[in-house]
Amino acid sequence: MHPGLTLFIDADDTLWENNVYFDSVISRTAMRLAEYGVSSDRTRDALLAIERQRTRAHGYGSLNFGASLEVLCEHVGIGASLDEIRPFLRAEIASLRRKRLELLPGVADTLAYLRRRHRVVLFTKGNHDEQWDKVVRSGLRDLFHQVDVVREKDQGAYLDAARRLGASPARSWMIGNSPKSDILPARAAGFGAVFVPHPGTWALELAELPETQDPGILRVERFAELAAIF
Ligand SMILES: [Mg+2]
């Protein structure tokens, strides 16, 4: 495509691994709860229901995830044993926040290429300080013209970001791994969208993409393929 577009790029599970770490905390929590007779399926189903509700009220990020795990322990009925399990949960969340960021293949080189041709904006949702901390630790900060952290990535957030950054939706693209947060709302706001699927995407980020051949929704299997598009 011609240069001069604004490319909004998702962070978690698009630029670096993220959900796989949350998922391993859930697995270890399920193992702990199994000691109290709670099945792994019950743990996972209950947590998903709790997170679906709590993220709406409290947003995303590891601290809210930790609070959801405590709600989970109460919900599945381990009662007074929550005091026994709480130090384990707190240690898990603390280590999640210290995790070394593992960039996905081809990310840095591809961003460097895209940055020379387009305005490149890192567009992520979650806790402001936590997301910024990850951007800094990733070493990718200088490859973005701008970094924008929002509470939720819905259609209104895309329109608002375009307005704040002086970008026309028709000349903007969103790139990311989440059908629910990156592809559908960006497209609804008039952006183009490139879906970069990640096999470990969080269940709450999944959504059906339209089956019609919409030229405004593209799909690549690897981040590096973006250089051939843009
Ligand atoms: Mg993502």
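The values are calculated or read from the model by the stated rules, or taken from the named source; none is laboratory data. What you are looking at is a predicted structure, and each value in this text was computed from that prediction instead of being measured. A quick note on method: Cβ atoms are made from the backbone with ideal geometry, for glycine too, and the neighbour counts reach across all protein chains shown.
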| Just one of the numbered conditions (1) touching a residue at least 12 places away in the same chain (Cβ under 8 Å); (2) within 18 Å of the chain's Cα centre (by Cα); (3) within 21 Å of A203 (Cα to Cα) is not true of L72; which one? | (2)
| query | What residue, among those in segment 1-28 that are polar (S, T, N, Q) and farther than 23 Å from P105 by Cβ, is farthest from the ligand (Cβ to nearest atom)? | reply | S27
| So which helices (runs of 4 or more DSSP H) stay within segment 140-230 end to end and still have 2 or more residues that are out of contact with any strand residue (DSSP E or B) (no Cβ under 6 Å at 6 or more places or on another chain) and within 16 Å of the ligand (Cβ to nearest atom)? | 184-188
| message | Tell me which helices (runs of 4 or more DSSP H) are completely within segment 1-120 and hold 1 or more residues being touching a strand residue (DSSP E or B) at 6+ places or on another chain (Cβ under 6 Å), or say none if there are none. | response | 107-117
| said: Given the condition under 20 Å from the mean Cα position of the chain (by Cα) and either within 16 Å of the ligand (Cβ to nearest atom) or at pLDDT below 95 (or both), answer yes or no: does some residue in segment 36-51 qualify? | reply: yes
| What is the number of the single condition among (1) in the same structural domain as Q131 (by TED's automatic domain parsing); (2) surrounded by 20 or more Cβ atoms within 10 Å (Cβ to Cβ) that L69 does not meet? | (1)
